[in-house]
Amino acid sequence: AYSRPVQATGGAGARTWTISIGSLPAGLNIDSATGVIAGTPTVPGISSFTVRVADAAGQSDTQPLSISISLFNAPNITTTTLQGGVVGQAYSQTLHATGGIGALTWSVSSGSPPNGLTLTPAGTISGAPTNPGTSNFTVAVKDTFNQSDTQDLSITISAVLEIATTSPLPSGKEGQAYATTLQSAGGLPPVSWSWSGVPNVPNGLVLNPATGQITGTPAAATQNIYTLTVTAQDSGSPTPQKVSKELSLEIAPP
């Protein structure tokens, strides 16, 4: 909002104010009785005009004036990082910005998002990525007065999560220390691990959920060969990938 009075001295009786040459900035008007210029400007720039004041006796005076309307509250992009995605899986992330006047319009100013993903003018990056890798790009946001801001971003696309360890696992022997590490490929790290066995996992062995390492000393075996179902889960958000695989493990008697 803008409000400024134009003042005069002298004269007889009531005064009448007008704009005799030029025009006020869009959105502003002059009160003919008080000489107050007020309103809410809608277009930036400098407006030059001449104000005329006349009194009841017909005397008048003029004065050239100008008003400079500047921009304010420029947009500021607050999204600085983006979650990763997985090849072939639906991806959607919305960019955010504060400030700006009127509607905000988004675009990619340099580089490009991963293949298969596009940025809408409303600020949503969506699609299904087709290739793994990291893409670096810059987004721009502009308001209705062409005030703008830019932000460098990157998205890492991972291959589909899979368990790379093949069956059978290295064999172990009752009463002797055992160690092997499960391996995964693809997915968004870190990957967590869990397992179950038929009828149960070997006594004395434990699985580290953070590293996938199986360690321990097998105790008395209930059977020679165990069928283990191992499960790997990545850190994708909001929906992590989760895959399982059956692996056999032989525990030989001492």
For the chain, averaging the sequence separation of alpha carbon pairs under 8 Å that lie six or more residues apart and dividing by its residue count, the contact order in percent is 13
Assign one of three labels to the range 1-108, namely rounded, prolate or oblate, based on the Cα gyration tensor with a ≥ b ≥ c the square roots of its eigenvalues; rounded applies when a/c is under 1.5, prolate when it is not and a/b is larger than b/c, and oblate otherwise.
prolate
What net charge is computed for the residues neighbouring D31, neighbours being all others with C-beta under 12 Å from the C-beta of D31, Lys and Arg scored +1, Asp and Glu -1?
+2
Of T18, T211, T165, which is the most mobile in a GNM of the chain whose springs link Cα atoms less than 10 angstrom apart?
T18
Quick check: pseudo-label points 7 Å beyond the Cα along Cα→Cβ at E246 and H96, how many nm apart are they?
4.6
With the contact rule set at Cα under 8 Å and sequence spacing of 6 or more, what percent relative contact order holds for the range 87-135?
48
Can you tell me, using C-alpha contacts under 8 Å and at least 6 residues apart, the relative contact order of the range 103-254 as a whole percent?
20
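In the chain, what percentage of the DSSP-assigned beta bridges are antiparallel, given to the nearest 5? Please list the in-between numbers first.
Working: 73 of 77 bridges.
Bridges in the chain that DSSP calls antiparallel: roughly 95 percent.
Excluding G11 itself, calculate the net charge of residues whose Cβ lies under 14 Å from the Cβ of G11, where each Lys or Arg counts +1 and each Asp or Glu counts -1.
On the way: positive: R15, R52; negative: D55, D61.
Taking every Cβ under 14 Å from that of G11, the sum is 0.
What net charge is computed for the residues neighbouring A103, neighbours being all others with C-beta under 14 Å from the C-beta of A103, Lys and Arg scored +1, Asp and Glu -1?
Values: positive: K142; negative: D143.
Net charge in that neighbourhood comes out at 0.
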Alpha-carbon gyration tensor eigenvalues x 5, square-rooted, for the range 187-248, Å:
26, 12, 7
Grab the Cα-Cα distance for T80 and I21, subtract it from 0.36 nm times how many residues apart they are, and report the gain in nm with one decimal.
16.3 nm
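Work out, step by step, the length gained on full extension between V108 and T239: first 0.36 nm times the residue separation, then minus their alpha carbon distance; give nm to one decimal.
Details: separation 131, 0.36 × 131 = 47.16 nm, distance 2.65 nm.
Answer, rounded to one decimal: 44.5 nm.
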Give me the Kirkwood hydrodynamic radius of the range 73-128 in Å, from all C-alpha pairs, to one decimal place?
12.3
Using only alpha carbons, build the gyration tensor for the chain and give me the equivalent ellipsoid semi-axes, biggest first, whole Å.
78, 16, 11
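Quick note: the coordinates plus some simple rules give every number you see, no bench work behind them. All values derive from a computational prediction rather than experimental measurement. All Cβ positions, glycine included, derive from the backbone under ideal geometry; neighbour counts span all protein chains shown.
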